[in-house]
Amino acid sequence: MLLVSYFYGSSFANKMKRNIETDLSSQQKFNKVRVGGSKALALAFFGVFPYGILLIAVSVFYRIPAFLLFESIFIYSALIFSIGYLVHNRPYNIIRSYLKAEGSKFSLLSLEYSPTGRLKDWARATRKLNEKKKWLEKIYPYIEEKLAPIESDPLTIISPAANNANYEKRIAIKLAKQLNKPIRFIACDQLEDIEEDRSINIDHKLLEFHFWKDTPYSDLSNRLQLQNISQVDYVLDFKGVIWHQWSEEKEVETIFKYFDQLLKPGGIYILDATDSNYFSRRWNAIALRLFGRITNYAEESTYLMIKKFLTDPKFLENHRHEVVGGMLFITKISVE
Ligand SMILES: C[S@@+](CC[C@H](N)C(=O)[O-])C[C@H]1O[C@@H](n2cnc3c(N)ncnc32)[C@H](O)[C@@H]1O
């Protein structure tokens, strides 16, 4: 019986997981780490049901104390698993997974990061924390140092998952002022309803700033070509596309292949490499959900996520990397 429960629960959990994954890879929009989708919980929850129902059925006919004891154990554990399962996956994700399986489409990411979405607090809380830590002020000199030697005219930087482009605008205007050379900064995000942060003054004769919303990174190559931009000098991606790609698919090779095509030889990826430990992240993830605030990062930086991949011999053939000042710089050293 346990075996049947196991297979039943396991196949159900796998189906659910597949639904979620289909959703992820088709839309590439969902942060799986936050969604949860614990196979173990699903398995326990769905596995416990057929087993318990049999116990109840038996106890109706034979009022044997042992069966009554099993029955109450079942009822309480089913209750605990149900609550655990719902809290972990949340009804919204379960419904979404079924709607998706039925072929219904809706923009998950807009729900997630939109003003009513549950990740809306992520951006606000993380930005507040970064302000407090003076993060941008600390990392900026390292960015400037990397960009200064490049001779391109204009120096073209793309940020594929810029959200409201707050950091991008602040970096862009500083670069234009400090480097005293033409800067073209393209900040994009796949959100349709994201509002560009207009609180930062980006008026400068040397700065050309673009904000492309509703632009998934997979559209970038075409959009750049339409603007007659074949390749860029830098890809700046703070907890952006590479980070999402890793947390969703555990797969960064393809994303680097894609961006390598957009990047000039000698071009550089500028990625976040803040340090944090597991327990602090767990606590801050809870604090974010409960109180909407964090005292440290609730998730790994892009560097911590992709660290192992960086030493892959195939990747090393065309890239070298360096972690400096809480930043990860990856240089593309040859054409694909
Ligand atoms: C965690 S936020 C980080 C935003 C910003 N880089 C920052 O540091 O504040 C992730 C952003 O990635 C965007 N995003 C996720 N997947 C994307 C994709 N496939 N193409 C473009 N943007 C994407 C989301 O819309 C969201 O704004």
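The values are calculated or read from the model by the stated rules, or taken from the named source; none is laboratory data. All of these numbers come straight from a predicted model, not from anything done at the bench. As a convention, Cβ positions derive from the backbone with ideal geometry for all residues, glycine included, and neighbour counts pool all protein chains shown.
Odds and ends about this structure:
- Qualifying residue in region 148-158 (condition: under 20 Å from MET327 (Cα atoms), assigned by TED's automatic domain parsing to the domain that holds TRP243, modelled with pLDDT under 95 and not small (Gly, Ala, Ser)): yes
- For ARG198: the one exception among (1) part of a helix (DSSP H, G or I); (2) among the basic types (Lys, Arg); (3) surrounded by fewer than 21 Cβ atoms within 10 Å (Cβ to Cβ): (1)
- Residue count for region 289-301 under the criterion of being more than 14 Å from LYS128 (Cα to Cα) and either outside any helix (DSSP H, G or I) or of a type in the set (S, T, N, Q) (or both): the result is 3.
- Yes/no for TYR269 being assigned by TED's automatic domain parsing to the domain that holds ILE186, assigned to a strand (DSSP E or B) and surrounded by 21 or more Cβ atoms within 10 Å (Cβ to Cβ): yes
- Any chance LEU304 is over 15 Å from the mean Cα position of the chain (by Cα), outside any strand (DSSP E or B) and of a type in the set (A, V, I, L, M): no
- The test for being touching a Pro at 6+ places or on another chain (Cβ under 8 Å), at pLDDT below 95 and basic (Lys, Arg) does not hold for LYS213.
- Matching residues, region 148-167, being assigned to a helix (DSSP H, G or I) and crowded, with 22+ Cβ neighbours inside 10 Å: TYR167
- Scanning region 196-216 for residues that are within 14 Å of the ligand (Cβ to nearest atom) and without any contact (Cβ under 8 Å) to a residue 60 or more places away in the chain turns up GLU196, ASP197, ILE200, PHE211, TRP212, LYS213, ASP214, THR215.
- Residue selected from region 124-144 under the condition within 13 Å of the ligand (Cβ to nearest atom) and of a type in the set (Lys, Arg), by the criterion modelled with the lowest pLDDT: ARG124
- Sole residue being touching a residue at least 40 places away in the same chain (Cβ under 8 Å), over 13 Å from SER159 (Cβ atoms) and part of a helix (DSSP H, G or I), chosen from ASP219, ASP275, ASP260, ASP193: ASP260
- Residue check, LEU175 in contact (Cβ under 8 Å) with a residue 40 or more places away in the chain and assigned by TED's automatic domain parsing to the domain that holds LEU220: no
- Residues of region 150-167 satisfying the condition of being touching an Asp or Glu at 6+ places or on another chain (Cβ under 7 Å) and either without any contact (Cβ under 8 Å) to a residue 40 or more places away in the chain or more than 16 Å from the ligand (Cβ to nearest atom) (or both): ILE150, SER152, PRO154, LEU155, THR156, ASN166
- Any hit, region 231-239, residues being assigned to a loop (DSSP other than H, G, I, E, B), within 15 Å of the ligand (Cβ to nearest atom) and in contact (Cβ under 8 Å) with a residue 12 or more places away in the chain: yes
- Residue within region 168-185 that is under 21 Å from SER221 (Cβ atoms), away from the ligand (no atom under 12 Å from the Cβ) and buried (at least 23 other Cβ atoms within 10 Å of the Cβ) present: yes
- For LEU262: the one exception among (1) at pLDDT 90 or above; (2) out of contact with any strand residue (DSSP E or B) (no Cβ under 7 Å at 6 or more places or on another chain): (2)
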